[in-house]
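Single-structure report; data block below.
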């Protein structure tokens, strides 16, 4: 057995609290106890023995489960939080302060990630705005080019029509002339 951890049988000998009561206290008030479960047995840290004695005293004086929890929280008993690590192999027990510190670090890390994401989104918005401006300029240039092309085509069509009319006039004039006078 590890140095500061005791089995329930050891605690029964030290505190005279019945085994069934100890198991019930651990199940009901584990937030205030530094307890570790190894397979089917519980191990309790030495820091939690006075808390178990306090719980026993409160129940003997007629308190119910909620009242005992309230008394323990008013006495500023350290609250322990169980959590599984990423591999979910080891169960760690942390005090409330350690948990809050870890949560604060996680919050700060998440806050920095969110800030970075916001900056990236701002950059994307700026890029989108510059692309919109570029597209507008491109549309203007394309409309100018289309206008130029339309004007050039209209001018070409006009010159072509003049050329066709001139040819038609020359053909009409040659019809009235005799064939030998065409070259004169």
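The values are calculated or read from the model by the stated rules, or taken from the named source; none is laboratory data. Only a predicted model underlies this, so the values are computations on that prediction, with no experimental measurement involved. Glycine gets a Cβ as well: all are built from the backbone with ideal geometry, and neighbour counts include every protein chain shown.
Could you tell me whether any residue of region 84-105 is in contact with a helix residue (DSSP H, G or I) (Cβ under 8 Å, 6 or more places away or on another chain), more than 18 Å from residue 15 (Cβ to Cβ) and modelled with pLDDT under 80? Yes, the conditions are met somewhere in region 84-105.
Condition first: closer than 22 Å to residue 99 by Cα and exposed (fewer than 15 other Cβ atoms within 10 Å of the Cβ). Now tell me which residues in region 1-16 satisfy that. Break it down stepwise before answering.
From region 1-16, those closer than 22 Å to residue 99 by Cα are 4-5; that's our starting set.
Passing the criteria: only 4.
Among the residues making up region 2-16, those that are in contact with a strand residue (DSSP E or B) (Cβ under 7 Å, 6 or more places away or on another chain) and either on the phi > 0 side of the Ramachandran plot or in a helix (DSSP H, G or I) (or both) are 8, 11. Taken over region 17-46, residues that are surrounded by 13 or more Cβ atoms within 10 Å (Cβ to Cβ) and assigned to a helix (DSSP H, G or I) amount to 10.
Looking only at region 17-36, which residues are farther than 15 Å from residue 75 by Cβ, in contact with a strand residue (DSSP E or B) (Cβ under 7 Å, 6 or more places away or on another chain) and in contact (Cβ under 8 Å) with a residue 40 or more places away in the chain? Passing the criteria: 34, 35, 36.
Among the conditions (1) in contact with a helix residue (DSSP H, G or I) (Cβ under 6 Å, 6 or more places away or on another chain); (2) closer than 19 Å to residue 4 by Cα; (3) modelled with pLDDT under 85, residue 72 misses just one, which is (2).
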